[in-house]
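Chemist: Before anything else, here's the structure in question.
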Amino acid sequence: WFATESGLNRYDGYSIVEYRRDRNVVGSLPNDFITDLSVDAEGALWIVTDGGGLVRRRPDSTAFDVYRHDPANPQSLAGDNVRRVLADPRGWVWVGTMRSGLSRFDVATGSFTRFRHDPDNAASLSDDRIYALMLDDDGYLWAGTGLGVDRLNPDTGMVVRFALPAADACPTPDSWPRPR
């Protein structure tokens, strides 16, 4: 699988099959600008797009399931402009947005939990711009944000922030980010 700015490509060792948005076909991609991919334990391909939300392609289907932001539903995706996706072995899919923070999709229930920056809460995300996602061996989610790296405890929702050093600081081990 290859994510491109003009659709999704699958290479089978012999040829490339392209998947693109087709407004006349129900179940096609909602947007051709693919920003990231992840595969879960069941073999489903999770796709995030710039403006089309979160997309799932099940291993036994050629159609795409689309999950979008709904302003009237707090259990929907936080925003449709998505940068990163990460399938978690616990049955969650983490989704990092461009300006709307982080969403955790529970595949079993079909609902999203949102994590946002709150200036009055030091245990919230340091910023709503998510650039990178990673799970560590202890199950913590690490998020690269516009203002540093955050470690989220998925069980409690609590965040530990690691701030970026000052712009003019020399990046030495003594100036690396420390937990706040």
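The values are calculated or read from the model by the stated rules, or taken from the named source; none is laboratory data. Just so it is clear, the structure is predicted and the values come from calculations on it, not from any experiment. All Cβ positions, glycine included, derive from the backbone under ideal geometry; neighbour counts span all protein chains shown. The accessibility values were calculated without ligands, DNA or RNA, using every heavy atom of the protein model including side chains. Shrake-Rupley method; radii C 1.70, N 1.55, O 1.52, S 1.80 Å.
Chemist: Expressed in whole Å with the largest first, what are the equivalent ellipsoid semi-axes of the chain derived from the C-alpha gyration tensor as the square root of 5 times each eigenvalue? Mind showing how you got there, number by number?
Modeler: Details: eigenvalues 188, 65, 47 Å².
Listed largest to smallest, the semi-axes of the chain are 31, 18, 15 Å.
Chemist: Determine the dipole magnitude for the range 44-152: charges of +1 sit on the beta-carbon of Lys and Arg, -1 on that of Asp and Glu, nothing else is charged, the reference point is the Cα centre, and the result goes in debye to the nearest 20.
Modeler: Here the size comes out at about 280 debye.
Chemist: Top to bottom by accessible area (1.4 Å), largest first, where do Leu135, Leu147, Leu54 land? Show your work: numbers first, answer last.
Modeler: Working: Leu135 45, Leu147 85, Leu54 0 Å².
Correct descending sequence by accessible area is Leu147, Leu135, Leu54.
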